[in-house]
Every structure is written in C-alpha cells, then in structure tokens.
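Undergrad: Mind looking over this structure? Questions follow.
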Amino acid sequence: MSDTIAAISTSIGEAGIGIVRMSGRESIEIANKIFRGKNVEDLKDAENRKLTYGHIVDPEDDQIVDEVLIACLREPYTYTRENMVEIYCHGGVVAVKKILELALNHGARLAEPGEFTKRAFLNGRLDLAQSEAVIDVIRAKTDKSLQVSLNQLEGSLSAKVKDIMGILLEMLAHINATIDFSEDDLEDLDYEALEKKGLQVENQIKKLLDTADRGKILRDGLNTVILGKPNVGKSSLLNAILRENRAIVTNIPGTTRDIIEEFINIDGIPLKIVDTAGIRETENLVEKIGVDRAREMVNKADLIIAVFDISKPLTEEDHEIIELIKDKDAIILLNKTDLPSHFDANHLKDLLPDKKIINTSIKNNLGVYELEEEIKNMFYSGQLDIESDVVVTNLRHKNQLVKALKNIEDSLEAIRLNLPLDCIEVDVKSCWENLGEISGDTISEDILDKIFSEFCIGK
Amino acid sequence: MGELKKYNAGSYDVIVIGAGHAGCEAALASARMGMKTLMLTMNLDSLADMPCNPNIGGTGKGHLVREIDALGGEMAINIDKSCIQSRMLNTSKGPAVHSLRVQADKKKYHTEMKKVIEDQANLDLVQGEVIDIVVEKDEVKGVLTRTGAFYDGKAVILATGTYLKGKIFIGEVNYESGPGGYSPSKLLSDSLKRLGIELRRFKTGSPARVHRDSIDFSKMDIQPGDEEVVPFSFMNMDQDFKIDQVPCYLTYTTPETKEIIMRNLNRSPLYSGEVEGVGPRYCPSIEDKIVRFPDKEKHQVFIEPEGLNTKEMYVQGVSSSLPEEVQKELYRSIIGLEDVKFMRSAYAIEYDCIDPTILKRSLEHMHIKNLFFAGQINGSSGYEEAAAQGLIAGINAVLNIRGDEPFILDRSEAYIGVLIDDLVTKGTNEPYRMMTARSEYRLTLRQDNADLRLTEKGYKIGLVTEERYQKTMKKKEMIEKELERLKSVVVTPNKEINDFLDSLGSVPIKTAHSLYDLIKRPEITYESLRDIDPERQSLPKEIRIQVEIQIKYEGYIKKQLAQIEQFKKLERKKLPIDLDYSSIKGLSNEAVQKLNKIKPDSVGQASRISGVSPADINVLLIYLEQKRREKKENKND
C-alpha cells in the first residue's frame, strides 16, 4: 500500500465545491508539482491540517486550472493514517476532472471504489461496522440516505446491537453460571424467564430487520422497473421523470446491453430505474429478453411502473405484463388520456384489484406529479423517521441479523421443548456472536466477568 | 556458606522438577514414551499431594481428567483406585455438561501414585531441591540441586506448583512456606529471573481442617454419593466398578458469621493490602463472599472427609486469611460446628508464577529451547489443570528430543486445547480454572467421548497402550454399528406402535419411522424403545450412552461441527514464530506489540489475542496472501 491514490470525492455536477483527494506517501509531493501557493512556496512547509490558498497549474503549459484551497494532512492522524491532500476547487465537471487528471499524470493512480476506506480499515483506523458505513457514505445516493449512513457512523446501529447483546449476555451468564457452578446455591434457572428474555431479543432483532429493507433502498435506490408494450410511452415517462428530477451520478450499463440503469431522486427517495428503453420500441420486451429474464427483472424490482395505452384494447402482451406484476408492488399508469379510449379500465381493475391506478397523459405532463406522490406514499407513508431511527443499511449487517434471528428462534424452540441447557446455550451464543460481528466485538471473557460480578460463586 | 561443591549426578533425557499433579503426568508420559527420565521433588512425601480440596473433577475439570485418561495419562486411573465418593454433576442440564466429581482419599491417592511412579521403567524418583536451571546458548542443559548434584538433561520441565517463594498468611501472621506446611523453594525463582523470565505473584487459599468428632452432623444435610457409580478411567468402564462410599455434609453460615467477619475485616491481610498476589474469583475467601454479596443471608458450607484413615475433615467454602482466633470464632458460628476443633488453620498462600504468554502452545519456552513449564507455575489453579499441562509438556519434551512436530490440541479437539490456548494466548490475571463456559464447542467436547476424540492421537505418539487403543477402536465400531442398525429398523403406523408411543407420552406416527428418528424426540430414550426393538442386543452402558447422545443431539452436534470447520480455516493459516510483526505495514501499534509478544502460531491464535482487531487479522491474511504470491512468483522465475 505504498502507492498514492487519488479520486474525486464529491459527486460530479451536484455541488458548488468539488474535492479531489489523495492518500499515500507521495501525496504532498505530487500536490506540490501542480500547486502554486500565494504565500506558501512549498507545500512541505504548509501547516498541517490548515487550508492554504493558491492555484492548480498545469506544469506542462503553466495554465491555471482553478483557484483552490488545499489542505495537507500528515500521517498518522488522518482518515487513512497515511499522508493525505485535499484540494477544494470549484464544483462542476471540468475543474475536478482536470485536477484529478493532473494528479494522475504526476504520480498518483486512480483509486478503486472504496479504496480510501479500505486503507483506513487496513490501517486500523475503523472498526468493521464503521468502515462499512463509510463505504455506504461513499455510495449513498441522496441526502437522506447520507443521514442514515452518518447515524450509523456515529454508532447508533452499534449501540442498538449492543443493547440486544446485553440481554443475550445476561442469558448466557445465567445459563453458564448454573452449569459451571451447579453446586453453588444459585437460583435455579427458570425456563420461563429465559424464554421471556429470548422473546425480547427476537423482537428487537425483528425491529431492526424491518428497517433493513428500507435501509437497503436508501442506499442502493429503489429498484424500479418501467414495464409496457412498445409505444406505450415508457421513454416519455422516463424523460418526464428525469426532466423534473435531473438524473444524477451516471449511467451504469445493465446486465444486457439493452438495459440501462438510471439513478434519480424524488424528494429524497432515490430511485434506480431499470430502463428498458434501450429495447427498440418496436420490439416486444418479453420476446426480446425472454420470459425468464423479464420475470427475474420483475422479481428483483422493489417497484414496478406498468404503463398501458388506453387508446388501444388490451393485447396479449398487456396480459403477459399483468400476469408478471400481479403479486408485486406496482403502480398502474393508464396513459394517453388525451386520446379517445378503447380500453376497458374496469376489466383491468378486476385483474389487478389492489393496485393504484393513475390516469396520465405523459405527453402533456399530466399525472407525473401524482405518480411521484404515490411513490413517496408507498414507501414512506410517514413510517420512516430517518432522523431518529436506526436503519440497517448494509447487506452484511442484514445477513448477520437474519442469522441472529434464526438462532434466537431456534433457542426459543429449544426452550419450549424443554431441551437441556447446553443445547439452548449453543443457539443463544451463536446469536450473540452473530451480533458481535456487526460491531466487531465478541469476547468470551465477557460471560465470565458477568458471572463473577452477578453471582456469588465459589465453594 | 562457602562455594557449593558440584558433582555430576547423572545424565537424563528429560528432567521433571516437581512431583505434583503436573510433574507426575509429565514424568510418566516421558518415561512411557521411552525417555530416560528423572523426577526431582523437595519432599517424596508430597508426591501427588492434594494440599487443598479433597476432590478430583467437577465441571470442566472432570472433562480434563477424562481427556488425560484418553491420552494415556494416569490421573483417572489413580483416582479410581482412591475414590471414596462419586457424583455425576449436572445430569439434568444436558450431556455436554455432565461432570464427574469424586472425593479422594488423599493419602491413598498419594500412595497409589507413588507406587506407579516407583514401578515405572525409565523413571528415577529422587528427593532434591533444584536451585538452578543451566542454560547455554538459549538451550537447556541440566539442573543443579541444593546439595550440589548436577543432572545433565536434554529437556527440563518445571512443575513447581505453588512452592516458588511460597508465603503463608494467617491474619497478621505471615511466614515463608510451601502449601500444607512443606518447605518453600526459595532459590529457584532467582535462577528463573537470571534467565530473563519475569515472575509475578498469585495467591490462593485453603480452609481449615477440623476434627470429625467435634462436628454435629445431625444439624446438617447428608450428601451421599450416586447409587450407580461411574469410573473416571475409560479403562475401568466395562468392568463392574464399585467403591465403598462415605458421605459429605452440607450446612450453612449464619448471620453471626457475617457479623464476626465484618467486625474483624481490618485484620485480614487481603483487606489491609499486605497480600500482593492476585486471587481467583471463583474461589473467594468467606470474607470476600460476605463483602461482595452483602445481601446474601447464608452461604453454603460442605464438610468433606480427607480420607478413610483420618478424622480430618475439609470445610469447603470457608477459606479465609483472617487471624486464627477469628477463624475459630467464625467457624463456630456455622450450623453444626458450634464446638468444632481445629486441626489445621485456614490460610492464604502467595507464590511466584510466570506469565504463560512466554510459552508456545507446546508449553516450551519461546526462546529457551527444551525448557518446558506446566501447572500452577503457569498461572493455572487446580489439580486437573496442572495434570493436563504436565501431560502435554511431558509429551512435547519427548517429541522435541525426537525432533518431531509438537503435539498440540486445538480448541475444537479438547478442553486441554482450550486450557493451553487460553494460557499462552491470552495469559491470565488470576489463577486460571477450567470451566465448560470457556469452550466454544462444548457439545462436541464431552467428557463421555474423550476417548473417541483423543485416544487415537495418543496412540500415534506412542503414549497410549495397545490395549487402550484396541478398546477404543472396538467401542467406536460398536457405536457405529448400532447407529446404522437403528436407522434400518423401521416401524410403521399401526395401533400397537401408536399405543406404545402414547404410553411414552409421545405423539402417534403417520408415516413409517426408523427407531433412529424416534429417539430424536425429546420424550423418547434409547432404553424406552426396547419393547418395539426385539432384535436389540444388550450393549455396554457406555455404548448405549454414546448412541443416545449422538442421535438426540445430532442437529446441535452438526451445527458445532460446521462452526469447527470455520474455526479450523484460520487455525490452518500458519504464522512463522520468528515473524517480526513491526515489519508488516497496516497493523495497529497495539497489535504489533501484542503479536510480537505472543508470537502466535496461526492466524486463528492471533485472532484470540486481546487488542488484535478484525482489521489486524485482515492485514495478516493479506500479508500471508502476499507472501504466498511472492513465493509463487519466485518459483516461476
């Protein structure tokens, strides 16, 4: 890890300020080559962790690239525990890109995604939960999800998990005390009390898990698929939404060349729209990518927007789509209300009785607002109070919680079956360890300390 | 005193210093593996002495004894010869934590062990106080005794117990002494210091011994042994094992006890700060218990015989370092001890021990070749913990001399592995006692299957006898055969079967079930299916127990086996012992310091060192991966 990495650490095109960041032994030297300070000749003399004013200059042609503030952060007291340089320039695409290019031309290499965090992590700067939260910060698509990530960084997830571990520790200490000190006159362990504590753990893990899906959505964006037969108005719909909300980040090629993912943001709700617009409007989507792929796409979706053309009767292809979305979260758009209707809306309502139906004329921008309102409605409906709630945003954390839940459920089952304590303990302990892997601390001495502090033991 | 005149007293492969529980196992293992072995003790009468409680086994400890036995050690066989009461603890709490705990006739235990040692080929037993360990170029060369005898030795095992600079405290009185009134070893500590080995002080305590005739047993609860007695040694299992049992008694302290202690607390050296040693939390003095748990109205006191040929009774639960006169007063406040006569007073004892993190998992010193440490000198407590370490040190001294790989049991294989890994990896801040809670894999490390787990390993290194090995192999085969048979015997849902199940309080079956599947039901035992299993042959009890446990807990055992597989992954990632961790970039400073101190032999061991974070472990894994790639590249060049 001796080389120096560089990257743009702000989203392109969004902010007023752009930041280019470098980490590694030669960061300051590299910065020196492209920086002309007003008062500071050599960045090696720049005060640690203080901003220095000057210009980024391309040494090739002495052209000024941008007016910047630059900060030199010296190891080991930096985010990565390496030498770091941060260059604050004007926002927008041109300046940041040019500065990054200059850094790369003068000895740095482009950082891989998450590499700053990886270095921080490998240099012992972050614990597991924190470092993954930082990765989430990097990936966070919107302000609201950023807030959740920051919360986690502050340790609110860790704190919640530690609360649950506290209950488990009590259970473990009690079980083990009665096992290892069976001749001391300790209170007999009553299975009912044990079950009660187990149920508390189960509930709290479930609560955390409930937030996990919303958490994932906040991080990755709602996986949204627009479905509809050719010429129904899918492209216009996407353009309408994009126009209003401005596509951010970048286009990421999908799994086939025909599918493209767009990230947009509706009032803080990030949407990852799987855009099938790349499929020529003349082609049948299902035919083009195959029924299985279409079904897979639909299954993976958090939200489906199905568009129907009311100027024409329902076709076989419409029915295929209805079949696909029957059991999914979907919003139905009846498009082209500006044209005469040849469409049996009631029949559709019968086929999809629980779906919200919105009449639109996308061409005239009618109904797009209602669509956005409905999306917000469906996923927040006031339930998610991001500011105060702990939200599980990380897949690994979620997986650990799922494992923990399974283990506590198994132990509750064992308690109800009146199985012996040594069996019950296996699952309780596994549950405790699953949670410990979220916050990164599972130390078996804890159990002994708890035993000795709470029980009068020793013959 | 003039200059000590030295003479050459003989030449040995392995020299064991100390004849306690660690020393005995070490010396026997070494001699049985064919090494010319010398055992030195300060007093032949203290061989296999039990200076504190008169019992062997208990939770966790009983597991150790079974494991020692499975590997060809002596403790289990010896206690089976000298046992005067036997109980299986925790029978209601599941098979993994069943623990055999027996009362010993202390004198008999000593005499029987001494006989075994005296009869052992390749083993010389000699009384003598070692005052110096001779080391040249970081390799041990021999030992010197106080009387000038120099013994040449290829390997030396230190098993000195609590004798090093032993100091006894009874109230304001304190004096240099070993346990039980034996002389302390005052000079050996300095020899260790000269070798650069740091010493620290631990303490432990022992209650008073009182005269049997002065006790009013009518006020106490009698505690008889089990009706059906199980031997400790696997070698005695298929025999009709019977012992004459004597009872123990249970009584309680009174409010007066508490009052006496509170009034005299200032006279305890533990509270006045005179004792510097650290005592064990699980073995507190009575004054400790009363101070720490003031709400508890009464504390248990067990009265246990010290042997069949003595009237000395051990008063379990009332160890104390209060002055003798206060001790007598407080003992007399205990129900049934109103007129008690003291024979030996309670005391606290403080002694030198090492920080066991200077040892490898073979129990060899990290830097001094062929110098081994075992037992309480390593900061452990208990006869069983000592014996287990003695056995492993003995085996590894032999393997070192042979030039073979060390014998290391890991945490998934044995409680012995847990014990040694804990000591050398984490160290200990108090005398270390085994508990089942220390094991991550309790359900697979049971006391009933120690032979199935370990005997083959003991056989491979040449310690387990052919007889024992064949016995275990036969047992394994019988268990597997019976398990297979139970899978193949299938019952179909008919009235007879379902009535039978109903009589056992079990739900009827609707499809065909094997007997194997039926035994999985919590309310059904192997025994209870006899009536619907006409082809069943009568099998020895130990086989029946194994069969039932393996079926009933199959699900849990499988879970643990999966965990063990995970655990083994990191254990297999070996770290070289000469690795300088400060050369690895990315490790935290604390990790570098700890890793350089402990020198773990695998990433698994490293992960258990406190202060080494998951991030550090990732760095180590990345480092090993880098090294592997470098090696590969070099090969390709």
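The values are calculated or read from the model by the stated rules, or taken from the named source; none is laboratory data. Quick caveat, the model's predicted, so the values are computed rather than measured. Ideal geometry is used to build each Cβ from the backbone, glycine not excepted, and the neighbour counts take in all protein chains shown.
Undergrad: Could you identify the single residue in B:337, B:330 that is over 12 Å from residue B:210 (Cβ atoms) and either more than 14 Å from chain A (Cβ to nearest Cβ) or of a type in the set (Asp, Glu) (or both)?
TA: On the way: B:337 fails: over 12 Å from residue B:210 (Cβ atoms).
On inspection, the qualifying residue turns out to be B:330.
Undergrad: Could I ask something else about it? Can you tell me which residue in segment B:35-64 is farthest from the chain's Cα centre (by Cα), limited to those that are among the small types (Gly, Ala, Ser) and under 17 Å from residue B:116 (Cβ atoms)?
TA: Per the criteria, the residue is B:46.
Undergrad: Something else: Select, from B:297, B:325, B:338, the only residue that is in contact with a Gly (Cβ under 9 Å, 6 or more places away or on another chain) and under 27 Å from residue B:248 (Cα atoms).
TA: That would be B:325, the only listed residue that is in contact with a Gly (Cβ under 9 Å, 6 or more places away or on another chain) and under 27 Å from residue B:248 (Cα atoms).
Undergrad: Of everything in segment A:68-102, what is more than 14 Å from residue A:25 (Cβ to Cβ), at pLDDT 90 or above and either surrounded by fewer than 19 Cβ atoms within 10 Å (Cβ to Cβ) or not β-branched (Val, Ile, Thr) (or both)? Give them in sequence order. Spell out the reasoning first.
TA: Step one: list which residues in segment A:68-102 are more than 14 Å from residue A:25 (Cβ to Cβ), which gives A:68-71, A:77, A:79, A:86-102.
Adding the requirement that they be at pLDDT 90 or above leaves A:68-71, A:86-88.
Listed by number, the residues that qualify are A:69, A:71, A:86, A:88.
Undergrad: Can you tell me which condition residue B:437 does not meet? The list is (1) within 12 Å of chain A (Cβ to nearest Cβ); (2) assigned to a loop (DSSP other than H, G, I, E, B), and all the others hold.
TA: (2)
Undergrad: What about residue B:417, is it closer than 23 Å to residue B:571 by Cα and either assigned to a helix (DSSP H, G or I) or at pLDDT 95 or above (or both)?
TA: Judged against the criteria, residue B:417 is a match.
Undergrad: Looking only at residues that are of a type outside the set (Ser, Thr, Tyr) and more than 8 Å from the chain's Cα centre (by Cα) in segment B:375-391, which one is nearest to residue B:233 (Cα to Cα)?
TA: Step by step, filter segment B:375-391, then rank; the result is B:391.
Undergrad: Quick check: is even one residue across segment B:205-218 surrounded by fewer than 15 Cβ atoms within 10 Å (Cβ to Cβ) and within 26 Å of the chain's Cα centre (by Cα)?
TA: No, there is no match, as no residue in segment B:205-218 is surrounded by fewer than 15 Cβ atoms within 10 Å (Cβ to Cβ) and within 26 Å of the chain's Cα centre (by Cα).
Undergrad: It is to be established whether one or more residues within segment A:361-380 are touching a Gly at 6+ places or on another chain (Cβ under 8 Å), modelled with pLDDT of 75 or more and either assigned to a helix (DSSP H, G or I) or not assigned by TED's automatic domain parsing to the domain that holds residue A:159 (or both).
TA: Just the residues of segment A:361-380 that are touching a Gly at 6+ places or on another chain (Cβ under 8 Å), to begin with: A:361-363.
Among the residues that remain, those that are also modelled with pLDDT of 75 or more are: A:361-363.
If we keep only those that are either assigned to a helix (DSSP H, G or I) or not assigned by TED's automatic domain parsing to the domain that holds residue A:159 (or both) too, we end up with A:362-363.
For segment A:361-380, residues touching a Gly at 6+ places or on another chain (Cβ under 8 Å), modelled with pLDDT of 75 or more and either assigned to a helix (DSSP H, G or I) or not assigned by TED's automatic domain parsing to the domain that holds residue A:159 (or both): present.
Undergrad: Output the number of residues of segment B:295-327 satisfying the condition of being within 10 Å of another protein chain (Cβ to nearest Cβ) and over 16 Å from residue B:249 (Cβ atoms).
TA: 3
Undergrad: Considering only segment B:344-360, state which residues are touching a Leu at 6+ places or on another chain (Cβ under 9 Å) and assigned to a helix (DSSP H, G or I). Spell out how you get there, then give the answer.
TA: Of the residues in segment B:344-360, the ones touching a Leu at 6+ places or on another chain (Cβ under 9 Å) are B:346, B:348, B:351-357, B:359.
The answer is B:356, B:357.
Table: residues versus (1) in contact with a Ser or Thr (Cβ under 9 Å, 6 or more places away or on another chain); (2) away from chain A (no Cβ under 14 Å); (3) closer than 17 Å to residue B:430 by Cβ; (4) modelled with pLDDT under 95.
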site	(1), (2), (3), (4)
B:248	no, no, no, no
B:253	yes, no, no, no
B:260	yes, yes, no, no
B:267	no, yes, no, yes
B:276	no, yes, yes, yes
B:280	yes, no, yes, yes
B:283	yes, no, yes, yes
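Undergrad: Look through segment A:145-166, keep the residues that are surrounded by 19 or more Cβ atoms within 10 Å (Cβ to Cβ) and modelled with pLDDT of 90 or more, and return whichever of them is nearest to residue B:88 (Cα to Cα). Show your work before the answer.
TA: The initial filter retains those residues of segment A:145-166 that are surrounded by 19 or more Cβ atoms within 10 Å (Cβ to Cβ), namely A:145, A:148-149, A:151-153, A:157-158, A:160-161, A:164-165.
Adding the requirement that they be modelled with pLDDT of 90 or more leaves A:164-165.
On the way: A:164: 35, A:165: 33 Å.
Per the stated criteria, the residue is A:165.
Undergrad: Also, I was wondering about something else. If we only count helices (runs of 4 or more DSSP H) wholly inside segment B:38-137, which ones have 1 or more residues that are surrounded by fewer than 23 Cβ atoms within 10 Å (Cβ to Cβ), in contact with a Gly (Cβ under 7 Å, 6 or more places away or on another chain) and assigned by TED's automatic domain parsing to the domain that holds residue B:26?
TA: In segment B:38-137, B:106-119 are the helices (runs of 4 or more DSSP H) which contain 1 or more residues that are surrounded by fewer than 23 Cβ atoms within 10 Å (Cβ to Cβ), in contact with a Gly (Cβ under 7 Å, 6 or more places away or on another chain) and assigned by TED's automatic domain parsing to the domain that holds residue B:26.
Undergrad: Of all the strands (runs of 3 or more DSSP E) wholly in segment B:232-333, which have at least 3 residues that are farther than 21 Å from residue B:180 by Cα?
TA: Because the criterion is at least 3 residues that are farther than 21 Å from residue B:180 by Cα, the strands (runs of 3 or more DSSP E) in segment B:232-333 that meet it are B:248-252.
Undergrad: Let me ask another. Consider only pairs whose beta carbons are under 6 Å apart and that are at least six residues apart or on different chains; among these, list those whose first residue lies in segment B:581-603 and is away from chain A (no Cβ under 14 Å) and within 20 Å of residue B:363 (Cβ to Cβ) and whose second residue is loosely packed, with under 15 Cβ neighbours inside 10 Å and β-branched (Val, Ile, Thr).
TA: As it stands, the answer is B:599/B:577, since those pairs meet every condition given.
Undergrad: I'd like the residue in segment B:502-526 that is under 34 Å from the mean Cα position of the chain (by Cα) and part of a loop (DSSP other than H, G, I, E, B) and, out of all such residues, is nearest to residue B:558 (Cα to Cα).
TA: The selected residue is B:520.
Undergrad: Of all residues being part of a loop (DSSP other than H, G, I, E, B) and hydroxyl-bearing (Ser, Thr, Tyr) in segment B:361-382, which is surrounded by the most Cβ atoms within 10 Å (Cβ to Cβ)? Just the residue, please. Break it down stepwise before answering.
TA: Here is the first cut: in segment B:361-382, the residues part of a loop (DSSP other than H, G, I, E, B) are B:361-363, B:366-368, B:370, B:374, B:379, B:381-382.
Subset that is hydroxyl-bearing (Ser, Thr, Tyr): B:362, B:381.
Numbers: B:362: 21, B:381: 23.
If we take residues in segment B:361-382 being part of a loop (DSSP other than H, G, I, E, B) and hydroxyl-bearing (Ser, Thr, Tyr), then B:381 is surrounded by the most Cβ atoms within 10 Å (Cβ to Cβ).
Undergrad: Quick one: residue B:533 ticks every box in (1) touching a residue at least 40 places away in the same chain (Cβ under 8 Å); (2) within 34 Å of the chain's Cα centre (by Cα) bar one, so which box is it?
TA: Of everything listed in (1) touching a residue at least 40 places away in the same chain (Cβ under 8 Å); (2) within 34 Å of the chain's Cα centre (by Cα), residue B:533 misses just condition (2).
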